[in-house]
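Reviewing the structure listed below.
The values are calculated or read from the model by the stated rules, or taken from the named source; none is laboratory data. Note that the structure is predicted; figures quoted are calculated from it, not measured. When we count neighbours, we look across all protein chains shown, and the Cβ atoms used for this are built from the backbone with ideal geometry, even at glycine.
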Amino acid sequence: MAKGERKLGEVADKLDVLVEVRDARAPFSTSSPLMLGKSGLLRLKPVFLVLSKRDLADPDRTGVWLDNLRVGMSYTDVRAFDLRNDSVGSLISELLKLRPVHRSLRVGVVGIPNVGKSMFLNKLVGRSRAKVGGIPGITREVGWYKGSGFLVVDSPGILDPHSEPGAHQILSWLGCAKADVVGGYENAAVGLIRFLRARLLWDRVTDVWGGLPDSDDALEMVGRRLGCLVAGGVVNRELAARRFLESFASGKLAPVTLELPGEPIRAL
Ligand SMILES: Nc1nc2c(ncn2[C@@H]2O[C@H](COP(=O)(O)OP(=O)(O)OP(=O)(O)O)[C@@H](O)[C@H]2O)c(=O)[nH]1
Ligand SMILES: [Mg+2]
């Protein structure tokens, strides 16, 4: 990741505009560390903000976030997309207004791992050029791609190495950090269940299963529901945790937004 950050730094001067991608389910926690601070990119370039995975987020809360993030002059524009299905044509038109007269516009796409940077880039250039994947760390190199009237740079997801472990755990729930480096799958899954219960989102998330029987050990119930059993009908907790986290991160459960403006997530 550090190598990616250095390489992005090397091309940053050549860029005219940046697009920061965040996950619409947690727009605060998935913000890029590169944007912040006195030397942050947000102070140096025009930046468009894209909230990805709109289809996996609560639509009302996405509306609240868009209103909130559009206030102030930090970002040139803020949009939310389902990058699997939505067109990004109107955003391309907005970007091209910044095109210098004698050459192509140079656009950089930045964000933390697994938020959808490469998927967004493929939408921009109109073809599946950059590799996309469901686990963090898919893009390894800074690479240029050609679009109509612009060049665009994809970059590896960059996390803040100094952020507290709780922040990494939250990112593991969204698939942006690997659960095995934050104390394991079981730890991450139990943390997510506790969080969803505390924020009254648990019933909504488990609604696809017709609800779950009330139990102090919700991971056990999830494991039974997902069929993660070993000999003797005992739940394999590690497998249950893994499957639950995968289902949650990929949106197989209900659309849910974990945080609201002014109410950032805290691992409980
Ligand atoms: N449902 C849904 N899935 C999305 C959306 N955008 C991206 N994804 C999925 O999210 C995963 C990550 O997408 P990538 O484009 O590889 O993410 P990235 O930010 O380039 O990730 P790294 O290269 O690892 O930093 C993939 O499984 C995509 O299919 C979206 O708007 N909706
Ligand atoms: Mg990528």
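Listed residues GLY134, GLY116, GLY108; which is near ligand 2 (Cβ under 10 Å from one of its atoms) and either crowded, with 18+ Cβ neighbours inside 10 Å or on the phi < 0 side of the Ramachandran plot (or both)?
GLY116
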Those residues that are more than 7 Å from ligand 1 (Cβ to nearest atom) and either in contact with a Lys or Arg (Cβ under 6 Å, 6 or more places away or on another chain) or assigned to a strand (DSSP E or B) (or both), I need them from the stretch 110-121; list them, please.
-> VAL110
In the stretch 140-175, residue nearest to ILE92 (Cα to Cα) [restricted to those that are within 12 Å of ligand 2 (Cβ to nearest atom) and touching a residue at least 60 places away in the same chain (Cβ under 8 Å)] = VAL153
Might you let me know whether the stretch 110-118 holds any residue that is touching a helix residue (DSSP H, G or I) at 6+ places or on another chain (Cβ under 8 Å) and hydrophobic (A, V, I, L, M, F, W, C)?
-> yes
Take GLY149 and decide whether it is surrounded by fewer than 19 Cβ atoms within 10 Å (Cβ to Cβ), outside the structural domain of LEU15 (by TED's automatic domain parsing) and not hydroxyl-bearing (Ser, Thr, Tyr).
-> no
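Yes or no, residue by residue, for (1) in contact with a helix residue (DSSP H, G or I) (Cβ under 8 Å, 6 or more places away or on another chain); (2) in a helix (DSSP H, G or I); (3) in contact (Cβ under 8 Å) with a residue 24 or more places away in the chain:
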residue: ARG197; (1), (2), (3): yes, yes, no
residue: LEU200; (1), (2), (3): no, no, no
residue: GLY211; (1), (2), (3): yes, no, no
residue: LEU219; (1), (2), (3): yes, yes, yes
residue: VAL222; (1), (2), (3): yes, yes, yes
residue: LEU253; (1), (2), (3): yes, no, yes
Which one is farthest from VAL50 (Cα to Cα) among residues in the stretch 61-86 that are of a type in the set (Asp, Glu) and in contact with a helix residue (DSSP H, G or I) (Cβ under 9 Å, 6 or more places away or on another chain)?
-> ASP86
Filter the stretch 119-131 down to residues that are near ligand 2 (Cβ under 9 Å from one of its atoms) and aliphatic (A, V, I, L, M) and give me whichever is farthest from the chain's Cα centre (by Cα).
-> ALA130
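Regarding the stretch 154-172, can at least one residue be identified that is touching a strand residue (DSSP E or B) at 6+ places or on another chain (Cβ under 8 Å) and at pLDDT below 85? Even if it seems obvious, please write down each step before you answer.
From the stretch 154-172, those touching a strand residue (DSSP E or B) at 6+ places or on another chain (Cβ under 8 Å) are 154-155, 158; that's our starting set.
If we keep only those that are at pLDDT below 85 as well, we get 158.
The answer is yes; a qualifying residue exists.
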For the stretch 1-109, which fully contained strands (runs of 3 or more DSSP E) count at least 3 residues that are touching a residue at least 60 places away in the same chain (Cβ under 8 Å)?
-> 17-23
Report, ordered by the first and then the second residue, all pairs with beta carbons closer than 8 Å, sequence separation of six or more or different chains, a first member in the stretch 122-138 that is in the same structural domain as ARG106 (by TED's automatic domain parsing), and a second member that is more than 9 Å from ligand 1 (Cβ to nearest atom) and of a type in the set (Val, Ile, Thr).
-> LYS123/VAL88; LEU124/VAL88; LEU124/ILE92; LEU124/VAL107; LEU124/VAL152; VAL125/VAL152
State all residues of the stretch 176-192 that are surrounded by 17 or more Cβ atoms within 10 Å (Cβ to Cβ), away from ligand 2 (no atom under 16 Å from the Cβ) and either closer than 23 Å to ARG140 by Cα or of a type in the set (Phe, Trp, Tyr) (or both); if no residue qualifies, say none.
-> ALA179, VAL182, TYR185
